[in-house]
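Asker: Below you will find the structure I want to go over with you.
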Amino acid sequence: MTNTKRATLAGGCFWCIEAPMEELDGVLDVTSGYAGGHTENPTYREVCSGDTGHAEVVQVEYDPDRIAYEDLLDVFFTVHDPTQLNRQGPDVGTQYRSAIFTHDEAQHETAAAYIDALDAEGGYDDSVVTEIEPLETFYEASEEHQNYYEKNPEDAYCSFHAQPKIEKVREKFAEKTA
């Protein structure tokens, strides 16, 4: 039986994080959904309104014997801009914030140390604004939002925003892709 763990990450539109994560060897499943809000069982429209407090997230199920949590963080911080507060590119609002929803204290400590190192390296013009908070509840998005890029590769949004992120992962993390 495979040892599995989960990571829950928010970096803008979930489609743009889901597709690059699915490229990685050791990632078993990626589910788009919502976390960090105050409304039970929110719909996509409700989350998009910005009124539920949720972020669009992906929940990554992975085999830690094949890929480390730190590797997931490497990819996560490569495919989004962690210095943009409550936005990613054209998507604006708290639902598009940069956040890591941790599943345990070890993930929290690892994520905090990772962000401290990013800030210390000074690789960004601005400070990293990625929030770290414990995951309370994950709500799965509707089926139409699962594997969205895979089902809609010709979609203009995907072509313009998701495809470059996938290419970046394939290039920068070739040894970690499936």
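The values are calculated or read from the model by the stated rules, or taken from the named source; none is laboratory data. Because the structure is predicted, anything quoted here is derived from the model rather than measured. Because the Cβ atoms are built from the backbone with ideal geometry, glycine has one as well, and the counts that use them run over all protein chains shown. Note: areas computed on protein heavy atoms with side chains; ligands, DNA, RNA excluded. Shrake-Rupley method; radii C 1.70, N 1.55, O 1.52, S 1.80 Å.
Asker: Ignoring ligands, DNA and RNA, please state the percent of accessible area on the range 1-118 from carbon and sulfur, probe 1.4 Å. All intermediate terms of the calculation are to be shown ahead of the outcome.
Answerer: Numbers: 2000 of 4620 Å².
So the carbon and sulfur contribution to the accessible surface is 43 percent.
Asker: Separate question: For a paramagnetic label modelled at 7 Å from the Cα of Thr137 toward its Cβ, which residues of the range 19-50 fall within the zone defined by backbone nitrogen distances under 11 Å?
Answerer: 35-42
Asker: Helix-only mean residue ellipticity at 222 nm, the chain, DSSP H runs n ≥ 4 weighted -39,500 (n - 2.57), per residue, nearest 500. What is it? Don't skip to the end; give the middle numbers.
Answerer: On the way: 6 runs with 55 residues, N = 178.
Rounded to the nearest 500, it is -9000 deg cm²/dmol.
Asker: Right, next: So if we plug the beta-carbon distance of Lys168 and Asp119 into 1/(1 + (r/R0)^6) with R0 = 30 Å, what FRET efficiency do we get, rounded to 0.05?
Answerer: Computed FRET efficiency for Lys168 and Asp119 comes out at 0.90.
Asker: Using r as the Cβ-Cβ distance of Tyr157 and Ser127, and R0 as 30 Å, what FRET efficiency do you calculate, to the nearest 0.05?
Answerer: Between Tyr157 and Ser127 the formula returns 0.60.
Asker: Let me ask you something else. To check my understanding: the extent here is largest minus smallest coordinate of the Cα atoms along each principal axis. What are those three numbers for the range 1-97, in Å, largest first?
Answerer: So the extents along the principal axes, rounded to whole Å, are 40, 28, 16.
Asker: Out of all Cα-Cα pairs in the range 93-147, roughly what percent, to the nearest whole number, are more than 13 Å apart?
Answerer: Numbers: 1014 of 1485 pairs.
So the pairs more than 13 Å apart make up 68 percent of the total in the range 93-147.
Asker: I've got another one for you. Could you state the accessible area per residue of the chain in Å², with a 1.4 Å probe and every protein chain left in place? Before the final figure, lay out each step's value.
Answerer: Details: 8760 Å² over 178 residues.
About 49 Å² of surface per residue is accessible.
Asker: Where does the range 139-178 land on Rg(C-alpha)/(2.2 N^0.38 Å)?
Answerer: On the way: Rg = 12.0 Å, N = 40, 2.2 N^0.38 = 8.9 Å.
Normalised Cα radius of gyration, the range 139-178: 1.35.
Asker: Find the all-direction average of the projected area of the Cα convex hull for the chain, expressing the result in square nanometres with one decimal place. Spell out each step's value before the answer.
Answerer: Numbers: hull surface 40.2 nm².
Answer in nm², one decimal: 10.1.
Asker: Can you give the extra length, in nm with one decimal, that the chain gains between Asn147 and Glu46 once fully stretched, where that is 0.36 nm per residue apart less the Cα-Cα distance? Write out the running numbers ahead of the final one.
Answerer: Numbers: separation 101, 0.36 × 101 = 36.36 nm, distance 2.05 nm.
Extending this stretch completely gives an extra 34.3 nm.
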